[in-house]
1. What's the number of the only condition in (1) in contact with a strand residue (DSSP E or B) (Cβ under 9 Å, 6 or more places away or on another chain); (2) free of Cβ contacts under 8 Å to residues at least 60 places away in the same chain; (3) more than 26 Å from L141 (Cβ to Cβ) that F67 fails to meet?
2. I'd like to check something: does segment 145-159 contain any residue that is free of Cβ contacts under 8 Å to residues at least 40 places away in the same chain, away from the ligand (no atom under 12 Å from the Cβ) and either surrounded by 23 or more Cβ atoms within 10 Å (Cβ to Cβ) or not in a helix (DSSP H, G or I) (or both)?
3. (1) hydroxyl-bearing (S, T, Y); (2) in contact with a Gly (Cβ under 8 Å, 6 or more places away or on another chain); (3) part of a loop (DSSP other than H, G, I, E, B): which one isn't true of Y110, the others all being true?
4. Would a scan of segment 215-230 turn up a residue that is farther than 22 Å from Y135 by Cβ, in contact with a Lys or Arg (Cβ under 8 Å, 6 or more places away or on another chain), modelled with pLDDT of 95 or more and within 13 Å of the ligand (Cβ to nearest atom)?
5. Of everything in segment 178-202 that's of a type in the set (A, V, I, L, M) and within 17 Å of M10 (Cα to Cα), which residue is nearest to the ligand (Cβ to nearest atom)?
6. Considering only residues that are part of a helix (DSSP H, G or I) and either in contact with a Cys (Cβ under 8 Å, 6 or more places away or on another chain) or among the aliphatic types (A, V, I, L, M) (or both), which ones fall in segment 160-176?
7. Consider segment 16-40. How many of its residues are in contact (Cβ under 8 Å) with a residue 24 or more places away in the chain and under 18 Å from N220 (Cβ atoms)?
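The values are calculated or read from the model by the stated rules, or taken from the named source; none is laboratory data. Just so you know, these numbers come straight off a predicted model, no measurement behind them. Quick reminder, even Gly has a Cβ in these numbers, built from the backbone with ideal geometry, and neighbours come from all protein chains shown.
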Amino acid sequence: MGKIAIMGAMPEEIEPIIATLHDLRETEYAANVYYEGNYKGQEVVVAYSKIGKVFATLTTAILIERFCCDKLLFSGVAGAINKELKIGDLIMADGLCQHDLDITAFGHPYGFVPEGDVCIWADSWLKQIAKKVAYDKNLILKEGIIATGDQFVASSERKEWIRQTFKADALEMEGAAVAVVCASLDVPFFVLRAISDSADMDAGFDFDEFLKSSAKLSANFILSMVEKLKNQ
Ligand code: ADE
C-alpha cells in the first residue's frame, strides 16, 4: 500500500490526526508544513491547506506530486443544508460541486466550465471502506452532495439557493477543489465532514462553538479508515 494523504483545511481539523502519528517528520514547502508519519503501520502525509479552494488546490497537488500519495482522505467540518443533518453528524461526499462557479452568462449551468463537470464523484471503493468502518463502530454515516465555494455561508437564502441548484446536502470551502485535482491526476479520493453549523444566521456562532468537537469526530473516523485500508 502506498502513502495515504490526509488533508484538512484548518489546524483544528488535522491536529487530532497528527497527535496519533509515530516517526513524525515535518517538511516546510510552499509556505506550508507537511507532516509525514506512521499510523498503525501505514505511512501517511498530513497537512492543512488553509481555508478555501485555491489553497486546497495547491495542497492537494503537492500531496500527490511531491509527496507521492496515491490516495487522499479529507477530514473536516461543514455547514448543513439537508434538514436531517444535525451538529456532529458525519457526511461523506458522494459528489462535489462548486457553488460559486458561474459562467451562466454564456449559457452554461451553475458550477460548470467547458471540459469540466458540475459534479465530481468520490471513489466508490473508499466509500465502501467508510461504510464498513461506520458499521464496525456503530456510527451513522450519511452520504450526499457537498457544495464548495469561497464563502462562509451564514444565510438561509444562500443555503436554499445552493440546495435547489445543486441538490446539495452540506456545504464547505475546499472539497470540490480537492476533487478536481484528484480526478485530474487519477488519484482516488474521499471527503468526510462532520457538521459544525447550519449555514444560517447562527452559523458563525455555532462554527466557533463546534469546530473542535466536530473536527475531532471526523478525524477519528478518518483514522479508523486508515487502519481498515492498511488491513485490506
Ligand atoms: N464549513 C463549516 N461551516 C461552513 C459554512 N457555514 N460555510 C462554509 N463553510 C463551512
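1. The number of the failed condition is (2).
2. No, there is no match, as no residue in segment 145-159 is free of Cβ contacts under 8 Å to residues at least 40 places away in the same chain, away from the ligand (no atom under 12 Å from the Cβ) and either surrounded by 23 or more Cβ atoms within 10 Å (Cβ to Cβ) or not in a helix (DSSP H, G or I) (or both).
3. (2)
4. No, every residue in segment 215-230 fails to be farther than 22 Å from Y135 by Cβ, in contact with a Lys or Arg (Cβ under 8 Å, 6 or more places away or on another chain), modelled with pLDDT of 95 or more and within 13 Å of the ligand (Cβ to nearest atom).
5. Narrowing segment 178-202 to residues of a type in the set (A, V, I, L, M): 178-181, 183, 185, 187, 191-192, 194-195, 199, 201.
Checking which are within 17 Å of M10 (Cα to Cα) leaves us with 178, 191-192, 194-195.
Values: V178: 14, V191: 12, L192: 13, A194: 9, I195: 8 Å.
In this case the residue turns out to be I195.
6. Step one: of segment 160-176, the residues part of a helix (DSSP H, G or I) are 160-166, 175-176.
I162, F166, A176, listed by residue number.
7. Summing the residues that are in contact (Cβ under 8 Å) with a residue 24 or more places away in the chain and under 18 Å from N220 (Cβ atoms) in segment 16-40 gives 7.
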